[in-house]
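Chemist: Quick one: the structure is below, questions incoming.
What follows draws every value from the coordinates through simple rules; no lab data is involved. Just so we're clear, the structure is a prediction, and the values are computed from it rather than from any experiment. All Cβ positions, glycine included, derive from the backbone under ideal geometry; neighbour counts span all protein chains shown.
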Amino acid sequence: MARAATARAIRPAVRDTAHDGFLTHRNSRWLKIALGLMLFAVLVYALTDAEPRANGGSVAGYLLGTIGALLIVWLSSLGLRKRIVTRGPYSLKGWTSAHVWLGLSLIVVGTLHSGFQFGWNIHTLAWALMMVVILSGLYGIIVYARLPAQLSANRQETTQPQMLEAIRALDRQIDTAAQPLAAAETALVRLSLEKTSIGGNLWQRLSGNYAGDGNGRALAAIQAEVDGQRRAGRPDPALTQILFLLERKAAALAQARRHIGLRARLELWLYLHVPATFALLAALTAHVVSVFLYW
């Protein structure tokens, strides 16, 4: 009896932790619900007899607006829900699946609620902010589906602090190896040591474009000088050693910058999605209040 009870207690957890993504959670339950909701919205809009057409002030408009407003408020609670860990039909995975699919259904519900009547007013602002939240969330789904695997492959079991320490260690080796060099060559080395930015600005992190980077400029100049010495048959061992260290630093920088860039892309959507959500709630409140006061 005790063994059977234990098995029953464990079984839901096993089903819930099965290898299915949140998009297909429980056989795509929330996708089907979202599709049903969108079909309902389309039918309500199409079958409403309003002049000149269904809009936010019609019966269909009020119905779809109420559904949309309730959905927006409920979907905004995901941040609080993440702090509570449960299993079963109301697990975080299930909640996230509902958040995604019902959020996408708002494109249809919210747009039909407006009756395609847009203008420079608080009502259109609420719709526009809703679209910003939805599209930024869609971007978040894409990056979370792709970037973690790329981060893992790039790290190669190396943490970000270890990457940065490796670059600092190379800088120390470069500084020591540059002691015998002439002043002009030392100045090139100083470019690598003093004019190299690992993370850079936001655009550099997202694009991966570090043109004009100090280490890249030093590497190109010293590579050209070493190539000339080799053609002349008298390579400088000290400069050749510097070239080798700069190449190693370039590889270490590339790995660290890819890591930082991937993390920036992974986190960027939240800096838009979360503030836009709060702005949407404010605009929605103003929209609802203005409707009841002036319509």
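Chemist: HN-Hα J couplings of the stretch 120-135 from phi, Karplus 6.51/-1.76/1.60, θ = phi - 60°, integer Hz, Gly and Pro as x?
Modeler: 8, 8, 5, 5, 5, 4, 4, 5, 5, 5, 4, 5, 4, 4, 5, 5
Chemist: Once the Cβ-Cβ distance between Leu135 and Arg190 is put in as r, and R0 is 35 Å, what FRET efficiency do you end up with, to the nearest 0.05?
Modeler: The calculated FRET efficiency here is 0.15.
Chemist: Identify the residues of the stretch 142-174 with backbone N under 19 Å of a label point that sits 7 angstrom from the Cα of Ser28 along the Cα-to-Cβ direction, or state none.
Modeler: Under 19 Å, as judged by backbone N against the label point of Ser28, lie 142, 145 of the stretch 142-174.
Chemist: Give the calculated FRET efficiency between Tyr271 and Thr158 to the nearest 0.05, with a Förster radius of 22 Å applied to their Cβ-Cβ distance.
Modeler: So the FRET efficiency works out to roughly 0.25.
Chemist: Count the net charge of all other residues whose Cβ sits under 14 Å from the Cβ of Leu191, scoring Lys and Arg as +1 and Asp and Glu as -1.
Modeler: Counting the neighbours of Leu191, the net charge comes to -2.
Chemist: Against the globular-protein guess of 2.2 N^0.38 Å, express the Cα radius of gyration of the stretch 195-295 as a ratio, rounded to two decimals.
Modeler: This ratio for the stretch 195-295 stands at 1.98.
Chemist: Here is a further query. Please list 3J(HN,Hα) in residue order for the stretch 140-145, calculated via the Karplus relation 6.51 cos²θ - 1.76 cosθ + 1.60 where θ = phi - 60°; whole Hz, with x for glycine and proline.
Modeler: 3J(HN,Hα) across the stretch 140-145, in whole Hz: x, 4, 5, 5, 6, 7.
Chemist: Now a separate question. Could you compute the net charge surrounding Asp236? Neighbours are other residues with a C-beta less than 15 Å from the C-beta of Asp236; K and R count +1, D and E count -1.
Modeler: 0
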